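First the structure, in the form of structure tokens, and then the observations on it.
The values are calculated or read from the model by the stated rules, or taken from the named source; none is laboratory data. Predicted, not measured: the structure shown is a model, and the values here were computed from it. Glycine also receives a Cβ, built like all others from the backbone with ideal geometry; neighbour counts cover every protein chain displayed.
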Amino acid sequence: MYAVLLPMLIFIFVYIRRRDVYDLHHAVLGLLFSVLVTAVITDSIKNAVGRPRPDFFWRCFPDGKDVYDKWGNVICHGDKSVIREGHKSFPSGHTSWSFAGLGFLSLYLSGKIKAFDRRGHVAKLCIVFLPLLVASLVGISRVDDYWHHWQDVFAGGLLGLVVATFCYLQFYPPPYDANGSGTYAYFRVIEESTANTTNTINAANLPNAMTGEIQIANQQEPTDNGFMGMHLARNSNSVLEDVESGKS
């Protein structure tokens, strides 16, 4: 629950500060997507591998007395559900879920605070590493509680972090990108709005542009008034001369 509730609290806090509904929607969607996909993959691998947990002996022999048949095979006399759960050591589910949720939060924070802006802010890296530290402590606790081997924890953490990265990049640019602080949908809406505004302005200016082009064309078009005027005057003079001379 902490791998989901803690990131959601951060998302809500960022939404209150920025009022970006696209960011809140995609952050929650990406987080849930990351955790659910990780859970499905983790449980599938658990059932397929069936690696015994470190405490499997006590699950198989609750009284501490190991029992074998005449061929040397182990005869477990513990609770069947407990024994079945004892074959789900690899990978660590708690660790994979923790890195899926908190790893997504780490990527989210790195984009929001622009941790990779090449300005060398160590404090920003501390904020980015804090969720990963919490997830790592969860994995360490699973080894300390004798529920998992260290290989199970390592594989679970790697699985959760990889899934979180893929899910984050479905909705957000990489944290080192210049637009890493916003969602793809947010910048897409801005581009569409800018394109629509540009088209509206061009449509409004089109009549003025056409009028200007017509005026320029009229100014540049060569006039034949003088030449034609000379012909008209010459023709009119010849007509008068013909009338006066009696030719017509």
- Task: Within the stretch 135-170, work out how many residues are within 23 Å of residue 84 (Cβ to Cβ) and within 26 Å of the chain's Cα centre (by Cα).
- Result: 3
- Message: Six or more apart or on different chains, Cβ atoms under 8 Å: show the pairs whose first residue is in the stretch 30-49 and basic (Lys, Arg) and whose second is buried (at least 20 other Cβ atoms within 10 Å of the Cβ).
- Response: 46/88; 46/89; 46/90; 46/91; 46/93
- Query: Taking the stretch 149-198 as the search range and keeping residues that are assigned to a helix (DSSP H, G or I) and among the polar types (S, T, N, Q), which one is nearest to residue 105 (Cα to Cα)?
  - Reply: 165
- Within the stretch 85-105, residues crowded, with 24+ Cβ neighbours inside 10 Å and of a type in the set (A, V, I, L, M, F, W, C) come out as 97, 99, 100, 102, 104, 105
- Query: Which condition number does residue 115 fail, the rest of (1) modelled with pLDDT of 90 or more; (2) in contact with a helix residue (DSSP H, G or I) (Cβ under 9 Å, 6 or more places away or on another chain) being met?
  - Reply: (1)
- Report yes if residue 13 is touching a residue at least 40 places away in the same chain (Cβ under 8 Å) and either assigned to a helix (DSSP H, G or I) or on the phi < 0 side of the Ramachandran plot (or both), otherwise no. no
- Matching option when the condition is within 29 Å of residue 48 (Cβ to Cβ) and small (Gly, Ala, Ser), among 110, 89: 89
- Message: List the helices (runs of 4 or more DSSP H) inside the stretch 16-131, counting only whole elements, that have at least 2 residues being within 21 Å of the chain's Cα centre (by Cα) and of a type in the set (Gly, Ala, Ser).
- Response: 21-49, 93-112
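Going by the structure shown, is residue 84 on the phi < 0 side of the Ramachandran plot, touching an Asp or Glu at 6+ places or on another chain (Cβ under 8 Å) and at pLDDT 90 or above?
So residue 84 does not fit the description; no.
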